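Chemist: Take a look at this one; I'll ask things after.
The values are calculated or read from the model by the stated rules, or taken from the named source; none is laboratory data. As the structure is a computational prediction, the values presented were derived from the model and not from experiment. Here the Cβ positions follow ideal geometry from the backbone for every residue, glycine too, while neighbour counts run over all protein chains shown. These accessible areas exclude ligands, DNA and RNA; they are computed on the full protein's heavy atoms, side chains included. Shrake-Rupley method; radii C 1.70, N 1.55, O 1.52, S 1.80 Å.
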Amino acid sequence: MEIGITTFVENTPDPGTGKLLAPHERMRNLMEEIELADQVGLDVFSIGEHHRPDFIVSSPAVVLAAAAVKTKKIKLSSAVTVLSSDDPVRVFQDFAQVDLLSEGRAEIMAGRGSFIESFPLFGQDLSDYNELFSEKLELLITLNKSEKVTWSGKHRPAIDDLGVYPRPYQTELPIWVAVGGTPASVIRAAQHGLPMALAIIGGMPERFVPFTDLYKKTYLQSGYHVEKLQLAINSHGYIADDSQKAADEFYGPYAYLMGKIGRERGWSGMSREQYDFMRGPEGSLLVGSPQQVIDKILWEHELFGNTRFLLHISVGTMPHAQVMHAIELLGTVVAPAVKKAISS
């Protein structure tokens, strides 16, 4: 099983001091985090796209291109590229260039996005939310398979036998579809034979088993071979030397950002009691000692049979040294133990 990291490159105030990092400081920290993830042997580093003040990356491909020349082995992915509001031609070209810079380590994780700011920003109608993604995914797949493209659709000007360049280092870019538990999205990924990444950011992980079962069933019914099936589970989490330390360090930044987003969407804030429940053996948070996180990754693997696990570090901005230590523990302690247990 591959093990890696996702981040939205959040930049939120320290809950205790109110201090906010300058954007260039946060970006510098991100580069160090990616370099460390590569050095400790993690398999994937994925960066999300957002267009709001509390996240500072609007173009994952630009940041991943910088990371490509600072790393040697780690795969570099978006998490996600908001394909519905972007142009698939530019998405393909941008990631093809990341692939050339990294000599074959680029991936695209395409999704509809959990925020909507990009739709009015780029002149898209939110009522076309689902149709936009479906059509643009079809075009992205077409671009990936053929140098010369002829294509027409409803939401983008037609392409008439035009070449799209540069081509990637790999024969084709890996394209993952990110889903949050919508059956139609699960089916779409499976019918295209694409890898699927399932984000579990709340509730009980067990309730997502029907979605992964649906993916596997539809994938096989669509004529694809089980040996090529790839499924990622993405969970919020954090690792420290002991359980209490991890819980205390992660809670403030996590509760701040989840509470802020919750208020925007009409949810209640995050209490410590709720947080501690979510950290429990059957909750969605992977926050604790290395052994606790190992146990929970293995438990999720029993549930889903996933081929990749991605830990979302962090949710609200944490001190850089703490994040670096969590990455080190994930790469040097957690990942080897998980892979050994699964292989045996």
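Chemist: Pop out the carbon and sulfur fraction of the accessible area of the range 100-150 as a percent, whole number, probe 1.4 Å. It would help to have the intermediate numbers written out before the result.
Modeler: Numbers: 1190 of 2350 Å².
Exposed carbon and sulfur together represent 51 percent of the surface.
Chemist: Can you tell me what the convex hull of the Cα atoms of the range 1-143 projects to on average, as an area in nm²? Kindly include the intermediate steps, with their values, before the conclusion.
Modeler: Numbers: hull surface 38.4 nm².
So the mean shadow area of the Cα hull is 9.6 nm².
Chemist: What is the local net charge at E135, summed over the other residues whose Cβ is closer than 15 Å to its Cβ (Lys, Arg +1; Asp, Glu -1)?
Modeler: Summing Lys/Arg as +1 and Asp/Glu as -1 gives -1.
Chemist: Over the range 150-236, give the accessible area per residue in Å² for a 1.4 Å probe, as an integer.
Modeler: Per-residue value: 49 Å².
Chemist: Related question: More than 15 Å apart: what percent of Cα pairs in the range 120-191 qualify?
Modeler: Values: 1599 of 2556 pairs.
Of all Cα-Cα pairs in the range 120-191, 63 percent lie more than 15 Å apart.
Chemist: Taking K and R as +1 and D and E as -1, what net charge do the other residues with C-beta under 13 Å from the C-beta of V179 add up to?
Modeler: For residues surrounding V179, the net value is +2.
Chemist: Right, another one. Report the charge-dipole magnitude of the range 1-126 in Debye, nearest 20, computed about the Cα centre from +1 at each Lys and Arg Cβ and -1 at each Asp and Glu Cβ.
Modeler: 160
Chemist: Let me ask something else. Magnitude of the Cβ-charge dipole of the chain, K/R +1 and D/E -1, about the Cα centre, nearest 20 debye?
Modeler: It works out to roughly 280 debye.
Chemist: A further question follows. I need the Debye-formula profile for the range 2-343: one equal scatterer per C-alpha, no solvent, reported as log10 I(q)/I(0) at q = 0.09, 0.12 1/Å, two decimals.
Modeler: Scattering profile of the range 2-343, log10 relative to I(0): -0.46, -0.85.
Chemist: Moving to a separate point now. Modelled label-to-label distance, S59 and K19, 7 Å Cα→beta-carbon offset: nm?
Modeler: Using points 7 Å along Cα→Cβ, the separation is 3.1 nm.
Chemist: Okay, next question. Loop-only check: which trypsin sites (Lys or Arg not before Pro) in the range 258-321 are DSSP coil with at most 16 other Cβ within 10 angstrom?
Modeler: Sites meeting the loop and neighbour criteria: R265.
Chemist: Given labels modelled 7 Å from the Cα in the Cβ direction, how far is it in nm from E172 to Y129?
Modeler: Modelled inter-label distance: 2.9 nm.
Chemist: Compute the distance in nm between two label points, each set 7 Å from the Cα along the Cα-to-Cβ direction, one at E147 and one at V209.
Modeler: Distance between label points: 4.9 nm.
Chemist: Quantify, in whole percent, the carbon and sulfur part of the accessible surface of the range 1-81 (1.4 Å probe; protein heavy atoms only).
Modeler: 56
Chemist: How long is the gain from T182 to Q39 if the chain were fully straight, where each residue apart is worth 0.36 nm and the alpha carbon distance is subtracted?
Modeler: Result for the pair: 47.9 nm of gain on full extension.
Chemist: How many Å² of accessible area per residue for the range 248-344, probe 1.4 Å?
Modeler: Heavy-atom accessible area per residue stands at 42 Å².
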